[in-house]
1. At a Cα cut-off below 20 Å, give the aspartates and glutamates reachable from B:K148, other chains included and same-chain residues fewer than 8 away excluded.
2. What residues in region B:63-89 lose 20 Å² or more of accessible surface when the other protein chains are added to their chain alone (1.4 Å probe)?
3. What are the ³J(HN,Hα) values, in whole Hz, obtained from phi via the Karplus relation 6.51 cos²θ - 1.76 cosθ + 1.60 with θ = phi - 60°, for each residue of region B:683-699 in sequence order, with x given for Gly and Pro?
4. Estimate for me the total accessible surface buried between chains B and A (protein heavy atoms, probe 1.4 Å, no ligands or nucleic acids), in Å² to the nearest 100.
5. Amide H neighbours of B:S216 under 5 Å, counting only residues 5+ apart in sequence or on other chains, H built in-plane at 1.01 Å?
6. Using alpha carbons only, how many angstrom separate the centre of region A:109-144 from the centre of region B:89-133?
7. From the cross-link list B:K222/B:K672; B:K115/B:K217; B:K222/B:K920, which pairs have alpha carbons spaced over 18 Å apart?
8. Determine the order of B:D265, B:D533 by accessible area, beginning with the largest, at a probe radius of 1.4 Å.
Amino acid sequence: MTPKAPSEIWSAEVNGEPVETLITSNAILLDVLRDQVGTLGVKRGCDLGTCGCCTVMIDGDARLSCLCLAGQVSGRDIVTVEGLSDGAHLAPIQTCFAEHGGSQCGFCTPGFLISAQALLTKNDSPTDEEISIAIEGNLCRCTGYQQIVDSIRAAAEIHRGEVEPAPPASDPHPNPHPEGPDEPSMPPGHAR
Amino acid sequence: MSAGYRQQPNSSRKDGKRVAGKQVFPPPGSGGSRPVMKERDLDYIPKSVGGKEHQPAGSHIHDRIRTGTIVGKSLPLVDSNAKVTGQAWYGDDVRLPNESIGKILRSPHHYAKIKSIDTSKVEALPGVIAVATGADSPSSFGVLPVTKDEHAMAVEKVRHMGDLVACVSAVDEATAIEALGLFEIEWEILEPVFDPKKGLEDSDEPIHWRGKYHLSKTNVQKRVFQEFGDRSLVENPYSSSHGKWTMHGVHHGFTEPHAVVAHWDPNGRLQLYTPQQVPHYTHRALSTVLDVPMHQINVIRTFVGGGFGGKSDPFPHEMCAAILSRKSGRPVRITFDREEVYWINRGRHPSNIEVKMTADEEGRISGFDIDALIDGGGFASFGHVTSYYNGVLATAPYELGSFHYTGARVWTNKPASGAMRGHGAVNTRCAVEVGLDEMAEEMNVDPIDLRLANLLPPHSRTITGFRITSNGMREALERVRDGSDWENKFRKLPLGKGIGIGCGFFISGSGLPIHWDPNRFPHATVHIQVDMDGGVTVHTGAADIGQGSTTAVAQVVSEVLALPIEMIHVRSHESDTSPVDLGSYSSRVTFMNANAAIRAALEIRDKLLNAAWDILGYHPNTLVINDRRIYYKHDPAIGVSYLQALHKAQEDKGALISSGAYRSPPMGGVHKGAAAGLAPAYSFSAYVAEVDVDVELGLIKCTNVWAAHDCGKALNPLAVKGQIIGSCHMGLGQVLSEKMVYGRTGHLQNANLLDYKIPSIHEMPHVEPIIVESSDPEGPFGAKEAGEGPLLPILPAVVNAVYDAIGIRYNDLPLTPDIVYKGIEKKRKKLKLEDATELPNPRYTHGPKSIELQKLLKKRSEEHRKRDIARQTTEDTSAYVNGVLFGFDPNIPLEDQLEGWRMATEPDPEQLAELGLAGKAWLKKEQREMGGEN
């Protein structure tokens, strides 16, 4: 059996952009996203639906792209980790993962971010139990999950508006040639 | 020289006014998000140099260069933004133009000779680009120079199911997979060996042949014998314990499967992209296998999606990709599926361990007797070292009367075992800590007090001669004891609830660089370059595998130069630009690379201070370096900006360059194997775990862990806590659910993440990470490792807690419900109970003797506590070697000690009969002694 060339037209909205590409009828969504759409942030960990690295949001729900035929979701709204930030600003869940140690090697991080974001979009005050259930399908071998839960809790606070989001690291630096503040900070011991 | 450069008040305020005595420094314009100088953060400047930071007892050699910038502050990893945006590029994310897809043909047999391979049908398949077999890779390689026993593809025979036979590259994955079915191979099936005990016997066809060094005709790859101390102390013990353990193989379970991209560029150089913990070994191995000089190869480390030791060998698939690319001239990408990850393995060794230990009537540990037979699988990998680690890393932190160890690693027809987090130390550590608990129970004393009364002090030597510098073991034990409310829980909880203790001790960087003499070349080198823009580029070969080594290196440079961390750029991906480095294994990176980075940064700092001296006229000793500014200590208004100093220093020379290296001091003994386990510093840890055991179902749930780890100094507490919690997770997996299951026919039955049970969030207990800082005299700002050591105590802590809960000792890990249930049933029947809920759980049964002993232990640990503080603060600098507790004189060399003292690395003939299971390897003779191959 010689593999057949892709022949079916597949279209969907990926991260807000319409995408159209040729696929084989048995193409897996994970392969289409990685190899054709180019969203390499979607990770392949096990191909078996066990690790959760390939989690993407389909119409707002967290789904495993390795267990999903691309044909099943044509025309749907797909969000990958690349679609979480608006380009210039990181989403709260992203900054929180960075700041609370939710990401170490980072390979499982895209999956966790999507699972967490899907939770927070629907429920901005999740209990610890709800957080656990939301990420039970994601395996992380580095963090032991504790700092991931911390990150999600912190992001929920931002979603609820209780905490100002930290200035995102992706912000441009402030004026590189400022005039300086009115009350300059001085080294200790300076005679006033 | 100018008379001094006084910063002028800023006259460009919006209201045009000047404020007397308040000055603004000109913006340094040197990047960073903060435009003006920050005040010194006194909370992070040690007390000894005028700050407020509390300092633990110990030496503080780096106090002078602390600037309060970043060391000790919790900080996100510097590459975390790449990771949270999905832009971090792992192995399979490297997509080069015109790439082809490689696939590997794997052996369907456990052990077989390849009589012939016919590739004609493969080559004829449209879409196939290149084919390679063992004939294309005649040179052997291996991670250790003494055991080069691997080939890119099987040359003569396959050694385990899943061993590499051939590889093919094609236009797409589907074609490559189809091509794999077209190889025609004639096999001659050989009799496989799966049981490591059988590996000790002679076989018709040993899995490897080592010529004159081969041990008879066995499958023994390495045997070790070590005996230290006074064996007469073991006789007539007051208390003893004996444990026989079966530990199954455990896999790292990193989430990223192995992947590699090879590309021979138009200049004829190989560019190899691989997620490697140790790119340098791959570099060396590639050179050997491809027969190409190392300078024609550039190994590019991608982001590594978890390593834990599983990505530290040079791998055959890396060679395959390079061979296919050389044949075709096109980039080749090979990505493993999860099953292949288990075939290449390198996980923890399946082990049969026997531990006997004894204590005398004063509660001193008079002897450890360890026998470890470890199952190496098809190849040597790091096994040579593992064979030693199983014994030598189980001794400290305790002071022992004697130590006797026999170990053997055998080849079997299974995927190769190798290095995994806590390399070689985990299994025996578990057995030893549980043994101590058993002795404590027999003596009716508190197991924590027993440990506290037998600890080695700081600045001492272990029984095998390792030099211990800082030692936070005592503090760690005390803090978990107090944090967990141990006194009110241990032996007092109801049936099904239990609490247990475990300790650990691990190397902070292997003292022996595998490929070279540490006295000639340094362990680690770091280069720093600062150009006119003020940004600092750091070149290091330290491989960040998620633990944050890049962050650690950036942090120390940032601290020394007092620059915001945004101005430090670490380049560590390419062997072309990074100095040679041994990468991320043996918990060496923070200790060795950060030390090298400090040295390089100090050189830059000296140049900046000298330039400031030139401008200001004040000697560097009187200058303070702070956030992008250097100023006069007694009048901070006199100073220069960082850029001014930098540009002054650059005059006539251009960019500032420096190089720093780290080499370990001479340490340890000279006996055979003395270098294994030798490290410039050791970390210590103590955990208390609390478990719930469902006595009817046999289900164990670990609910709480108090985890204290002595990491010297937490450069980045957030990262250290992450390492501690993550270690708990991995260790819990091994003790409760993870094992590689080999069936009756030797087939690996659970080569996927569904059947290989990694704990999910629901299985995780609450972990309370406790950072103990003992300030190591040689560590960077006092730091030691925090990556592997924290894994060790969790296993015994859980096993001991299970005993406290239901009164049953298990010696077969993991404690899956079936095993636990069997143990409960056995005990229930033995006690003739109706119901498992009636099981008695262990309680103290104090008698006059045990109360006396308990008092003695408390008294001794209180005395030792004072002794430790005196030694840590170097009030007491007398020599201390293991054995002082037993009356040895530390000033006499080990070999001239009292009469009973012995140090042996080979058994006496009369000892041969009484050696344990692994010790049987000593009954065999090497071929050269038998008059075999010369």
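1. Those aspartates and glutamates meeting the cut-off are B:D136, B:E156, B:D163, B:E205, B:D291, B:D313, B:E318, B:D375, B:D517, B:E926, B:E933.
2. So the qualifying set is B:P76, B:L77, B:S80, B:N81, B:K83, B:V84, B:T85, B:G86.
3. 9, 10, 8, 9, 10, 10, 10, 10, 10, 10, 10, 7, 5, 8, 9, x, 8
4. Interface area, both chains combined: 5600 Å², rounded to the nearest 100.
5. B:K925, B:E926, B:Q927
6. 39
7. Violating the 18 Å Cα-Cα cut-off are B:K115/B:K217.
8. B:D533, B:D265
The values are calculated or read from the model by the stated rules, or taken from the named source; none is laboratory data. Bear in mind the structure is a predicted one, so any value in this text is a computation, not a measurement. Don't worry about glycine lacking a Cβ; one is built from the backbone with ideal geometry, like all the others, and counts go over all protein chains shown. When the accessible area is computed, the model is the full protein with side chains, heavy atoms only, and any ligands, DNA or RNA have been set aside. Shrake-Rupley method; radii C 1.70, N 1.55, O 1.52, S 1.80 Å.
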